[in-house]
Amino acid sequence: MSKVKKKHRLVDAKAPNLLEDIFPYDLPPLIRLQGSAVEHIDGKPVEFDFEAVKDRPILITDTTFRDGQQARPPYTIEQMVRIYDLLSRISGPNGVVRQTEFFLYTKNDRETLDRCRALGHDYPECTGWIRAVKGDFRLVKEAGLKETGMLTSCSDYHIFQKLKFRTRKECMDSYCEVVEAAFEAGVRPRCHLEDVTRADIEGFVLPFVDRLMEMSEQVPEELSAKVRLCDTMGFGVSYPGAELPRSIPKLIYKLNRECGVPSDRLEWHGHNDFHKVHVNGGTAWLYGCDFVNTTLFGFGERTGNPPLEGAIFEYIALKGDTCGIDTCAISELADYMRSIGLPIPENYPFAGRAFNTTRAGIHAGGLRQDERIYNIFDTAKLLSRPPRVAITDKSGADGVAHWVNEFFGLRGDDRINKIRVHKLARWVIDQYDVEGRLTAISDQELEAKAKEFFPDYWDKYKTKVK
Amino acid sequence: MATVEERVKAITARKLGVDEIKMEDSFTADLGAESVDSIELVAMFEEEFGIEMDEDAALAVQTVGDAVKFIAEVCRQQGVEIES
């Protein structure tokens, strides 16, 4: 047994300390950061001021219509316009979801862009996405866009194996020609450093970004190149001490403080191949990227991108305020996505049908006493989704009582106690003990039983809404 | 009219399917009542005596003897006549 380093005295209490300064319930749990973090880079300690993130202009960008759409059959124009409209509601008047990007190659792509802009929303701003081909700027210009993303893949896997450049210099010159074309067209280039977490950082990435910065000095500020760090294969690692090219802190440090790319021109774009996508996005914010690129419900190439709704709650947790975001629009978007055939797993955070549904009777008992015990935050207020229980043989009378109260919308003293639900609780238990059932009981079955066992409540609370 | 003890024992015997019930019997350990049985018993006692019991207090009762005392006290509080 290891030697005791410090004794800890019980702080006895007769009243609970619910830590409400961190867990306010009407907001997601806050992420309060104190002081700075230290990362050793090139043998020297470097400080990162995490506390400053509360006041830094960090923002979210969206690529639901580009990377998100690469992972599924194309959306119709009507669907994209509806999604854009709801994205704008989430974004709010402060434009927390600042930009979203569109393909520009087909007639449908261009019509979608026009229809979205015709809605007249300030945010998300519409930007384009093109290949690193000079001629493609005609499309951007014709669409009247001020900014476009362009592929500037930077690992040797891409430079040599995919794009078949003969040398890195040939590759860099080619990219820079396209950047020059963007400047000439009066379009701001956003250089997507594809596969950066598998690239030779010192040998290619930093020299290329140095050159981008030099070129940007020759143009007005509003045209200066932005840089998107694309963790194409999800190799990025957030841990302090991780080595380049996988280290997100070191990557951002190199671009931000060595190459001098300002934070408001740096963006992180992740993939979820190693289950790190959301935390990697948050890490990018903390270490100096102002923008984290996301997709709705994480839909994106292969395993997907940082989920926009996850970034939204991370943003609120870091800022300590909703900043004008309409979080309930997330639930509307989830319903809409399901209605057009996009599957969202039942247990998917914030948006799955069962994300705040508990199945264990003992948890349902906790919910019944104080919903904060087993609900992450006030999901009724922030997502229009009160906590629920799914009824199985493990639900117990507590679970059944909670289901009945939620179903009838009963609050406070109007709530029915579990003695009053004994007939329904018995029916549930008999389904398993007597009938040998092995599946959860559906809401439809429970509703039929609720009508049978609680006719007074049914008449009072269910007939009036019809 | 039967006493509280006789009525409690009769309901318990009917509900749990046991023949002989002693005052010191635990509803769960001795008589085999499961979670839903307990709330059904409370509901049956309420109906039998025409009373309303506090849920937490009623479900905290462990033995038949304690249930008899508890129900008698609730009847007294709620003005329900019983045979002692």
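The values are calculated or read from the model by the stated rules, or taken from the named source; none is laboratory data. Just so it is clear, the structure is predicted and the values come from calculations on it, not from any experiment. Glycine also receives a Cβ, built like all others from the backbone with ideal geometry; neighbour counts cover every protein chain displayed.
Look through A:L86, A:L59, A:L151 and report the one residue that is assigned by TED's automatic domain parsing to the domain that holds A:A199 and farther than 23 Å from A:D231 by Cα.
Going through A:L86, A:L59, A:L151 in turn, the sole match is A:L86.
Just to verify a result, which residue in region B:1-40, among those that are assigned to a helix (DSSP H, G or I) and touching a residue at least 40 places away in the same chain (Cβ under 8 Å), is nearest to A:G361 (Cα to Cα)? Across region B:1-40, the extreme among qualifying residues is B:T12.
For region A:41-61, the count of residues that are of a type in the set (S, T, N, Q) and under 23 Å from A:M150 (Cβ atoms) is nonzero.
Condition first: assigned to a strand (DSSP E or B) and touching a residue at least 24 places away in the same chain (Cβ under 8 Å). Now tell me which residues in region A:27-77 satisfy that. Answer for region A:27-77, where residues must be assigned to a strand (DSSP E or B) and touching a residue at least 24 places away in the same chain (Cβ under 8 Å): A:A37, A:V38, A:E39, A:H40, A:I41, A:V46, A:F48, A:L59, A:I60, A:T61, A:D62. What are the residues in region B:41-66 that are within 14 Å of another protein chain (Cβ to nearest Cβ), in a helix (DSSP H, G or I), buried (at least 16 other Cβ atoms within 10 Å of the Cβ) and aliphatic (A, V, I, L, M), if any? Within region B:41-66, B:L41, B:V42, B:A43, B:M44, B:A58, B:L59 qualify.
Scanning region A:126-150 for residues that are over 15 Å from A:N293 (Cα atoms), among the aliphatic types (A, V, I, L, M) and buried (at least 17 other Cβ atoms within 10 Å of the Cβ) gives A:I130, A:A132, A:L139, A:V140, A:A143, A:L145. Anything in region A:66-87 that is touching a strand residue (DSSP E or B) at 6+ places or on another chain (Cβ under 8 Å) and modelled with pLDDT of 95 or more? List them, or say none. Scanning region A:66-87 gives A:Y84, A:L87.
Restricting attention to region A:335-346, the residues that are part of a helix (DSSP H, G or I) and in contact with a helix residue (DSSP H, G or I) (Cβ under 7 Å, 6 or more places away or on another chain) add up to 2.
Residues of region A:153-202 being in a loop (DSSP other than H, G, I, E, B) and of a type in the set (G, A, S), which ones? Of everything in region A:153-202, those that are in a loop (DSSP other than H, G, I, E, B) and of a type in the set (G, A, S) turn out to be A:S153, A:S155, A:G186, A:A199. Of the residues B:V36, B:V4, B:V18, the single one that is away from chain A (no Cβ under 13 Å), surrounded by 20 or more Cβ atoms within 10 Å (Cβ to Cβ) and on the phi < 0 side of the Ramachandran plot is B:V4. So which residues in region A:203-231 are within 19 Å of A:I252 (Cα to Cα) and assigned to a loop (DSSP other than H, G, I, E, B), if there are any at all? Across region A:203-231, the qualifying residues are A:S224, A:A225, A:D231.
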